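All remarks here apply to the structure that follows.
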Amino acid sequence: MTQNRLNIAYICDLDPLESWTFSGGNSRIYKALQDHVGDVDILSRSWGSVEPVRRLIHRAPVAINLRVRWRMQLLLSRLIARKVKKELSRKKYDVLFCPFSFHTLANLDLPYPIMKVFTSDATQTIYRQSEVGQAFGSYLSLSRYLDPWVMRHEKSVFQANDLNLWPSDWLKDQADVLYDLKPEQSHMVPWGGGVTAPPKDSLSIAPITDGPVRLLLVGRNWFAKGGAATFAVLQALLNRDLDAHLTVIGCVPPPEHTCEQMTIHPSLDKAKPDELAVFEDAYRQAHFMVMPSFESYGFAFCEASAYGLPSLCLRVGGVPVLDGVNGFALPEGSDANAFADKIVYHLERPDVYAALCGTTRQYFEDRLNWDAWGLGVARLIKSKLHEKELAQ
């Protein structure tokens, strides 16, 4: 059994066939499992006997929906779990795979032995306690009274899982301690990005000594992606009488964060060849992705690495940036001049910059892509299944 394709039940509170869910990670995880692990069936998102409650919550404004839905699902988990158990009973599955939505596994009584696997770039408790969560604050202050209850359920779910797969050491290290996880059930497997990587031989390093130093920021929310700080980096370079330019894709900076040394693309539809060409050209021409954002992971850093584009960010959350490998993650609180210093250092050492671009692309090929994730997950799952077979 462990040598063949596995039967996988996929359980998540958002549809992986919708490419936008969980910033696209949901659909990429689903596809990687299909490509490398087995045949994947998506379980219904219905709440069974309490489905009217779910539908009512989905009619609420997005900000309320996002925060109330999972807590209510956790509260009603004993009722919802009956529906999940019934659905699993219809077919023999090897693996129950759950991305992001730990609450879908709460109080679940399996109809037969199934390996349970979970992955996410954060947990509710770790996110809330981290510098990332604290930077954005709490929308529902009353929910703080539920925090101990949420953590008890997290610990119960994660300890019962056969495998918990974290995309960063930042998350794994905290989860291991907070939830008292065993080494054999907790592993770090980096995620990939959301672009089709260009062939390696099609990439040429943009000469850093010719023309302006080109910075790039990609994201839908200027402030959440650290846009204000990136603009300050641009200004710091200009104040040093350096020729610099910032390209922004996906959002519109406020007037106070714009200048003539910027190109802004509010949105680019990669399904349209002409707009895809603009998107790809921005990555190919840039010298640094500069994004001092606060986030748990950051798919954009994986995407930059696919183009051999080094990233400059903050060492917060689980950003997939290794110092000197695919960029630099500066300490939290670093100002614009600290970022500018990194850029100037490489501007004065083009050979060092060229080597950094090379290791950036290599790190993508080795670690920061979904094929690597799928193959790594396949090995872990099949190894665990083999252990279970031997123990029987």
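So which residues in segment 207-226 are outside any strand (DSSP E or B), under 21 Å from the mean Cα position of the chain (by Cα) and touching a residue at least 24 places away in the same chain (Cβ under 8 Å), if there are any at all? Before you say what the answer is, go through the steps one by one.
Let us first name the residues in segment 207-226 that are outside any strand (DSSP E or B), namely 207-212, 219-226.
Add one more test, that the residue is under 21 Å from the mean Cα position of the chain (by Cα), and what stays is 219-226.
The answer is Gly219, Arg220, Asn221, Trp222, Ala224, Lys225, Gly226.
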Checklist line | The lone exception for Phe22 - which of (1) at pLDDT below 95; (2) exposed (fewer than 14 other Cβ atoms within 10 Å of the Cβ); (3) within 23 Å of Trp370 (Cβ to Cβ) it fails | finding: (2)
Next item on the list: For segment 163-178, indicate whether the set of residues that are in contact (Cβ under 8 Å) with a residue 12 or more places away in the chain, more than 18 Å from His103 (Cβ to Cβ) and in contact with a Ser or Thr (Cβ under 7 Å, 6 or more places away or on another chain) is non-empty.
Entry: yes
Next item on the list: Residue by residue through segment 370-392, note down the ones that are basic (Lys, Arg) and free of Cβ contacts under 8 Å to residues at least 24 places away in the same chain.
Entry: Arg379
Note to self: Looking at the structure I just gave you, is Cys357 in a helix (DSSP H, G or I), touching a Pro at 6+ places or on another chain (Cβ under 8 Å) and under 18 Å from Val213 (Cα atoms)?
What the structure shows: yes
Checklist line | Evaluation of Glu275 against (1) buried (at least 19 other Cβ atoms within 10 Å of the Cβ); (2) outside any loop (DSSP other than H, G, I, E, B) (one fails), failing number | finding: (1)
Next item on the list: Just name the residue that is most open to solvent (accessible area, probe 1.4 Å) out of those in segment 25-36 that are over 26 Å from Arg220 (Cβ atoms) and touching a residue at least 40 places away in the same chain (Cβ under 8 Å).
Entry: Asp35
Next item on the list: Restrict the check to segment 339-357 and report whether at least one residue is under 30 Å from Asn26 (Cβ atoms), free of Cβ contacts under 8 Å to residues at least 12 places away in the same chain and open to solvent by 30 Å² or more (accessible area, probe 1.4 Å).
Entry: no
Checklist line | Single unsatisfied condition, Gly250 versus (1) under 23 Å from Leu347 (Cα atoms); (2) within 22 Å of the chain's Cα centre (by Cα); (3) not β-branched (Val, Ile, Thr) | finding: (1)
Checklist line | Residue in segment 1-19 that is farthest from Pro113 (Cα to Cα), counting only those that are modelled with pLDDT under 95 and touching an Asp or Glu at 6+ places or on another chain (Cβ under 9 Å) | finding: Arg5
Next item on the list: Select from segment 227-257 the residues that are under 16 Å from Leu217 (Cα atoms), assigned to a loop (DSSP other than H, G, I, E, B) and touching a Pro at 6+ places or on another chain (Cβ under 6 Å) and list them in ascending order.
Entry: Val252
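Just checking, which of Gly308, Gly318, Gly324 is under 25 Å from Val352 (Cβ atoms) and crowded, with 18+ Cβ neighbours inside 10 Å?
Numbers: Gly318 fails: under 25 Å from Val352 (Cβ atoms); Gly324 fails: crowded, with 18+ Cβ neighbours inside 10 Å.
It is Gly308.
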Check: Between residues in segment 37-65 that are of a type in the set (Ser, Thr, Tyr) and open to solvent by 80 Å² or more (accessible area, probe 1.4 Å) and residues that are modelled with pLDDT of 95 or more and part of a helix (DSSP H, G or I), which pairs lie under 9 Å by C-beta distance while being six or more apart or on different chains?
Finding: Ser49/Leu79; Ser49/Ile80; Ser49/Arg82; Ser49/Lys83
Check: Among the residues of segment 378-389, is there at least one that is open to solvent by 60 Å² or more (accessible area, probe 1.4 Å), of a type outside the set (Ser, Thr, Tyr), in a helix (DSSP H, G or I) and closer than 22 Å to Phe100 by Cα?
Finding: yes
Item checked: Flag if Gly298 is crowded, with 23+ Cβ neighbours inside 10 Å and touching an Asp or Glu at 6+ places or on another chain (Cβ under 8 Å) -> no
Check: Given the conditions (1) open to solvent by less than 20 Å² (accessible area, probe 1.4 Å); (2) closer than 30 Å to Val117 by Cβ, which single one is not true for Gly194?
Finding: (1)
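The values are calculated or read from the model by the stated rules, or taken from the named source; none is laboratory data. This structure is a prediction, so every number in the text was calculated from the model and none was measured. We place every Cβ from the backbone using ideal geometry, glycine too, and count neighbours over all the protein chains shown. Surface accessibility is based on the protein's heavy atoms, side chains included, excluding ligands, DNA and RNA. Shrake-Rupley method; radii C 1.70, N 1.55, O 1.52, S 1.80 Å.
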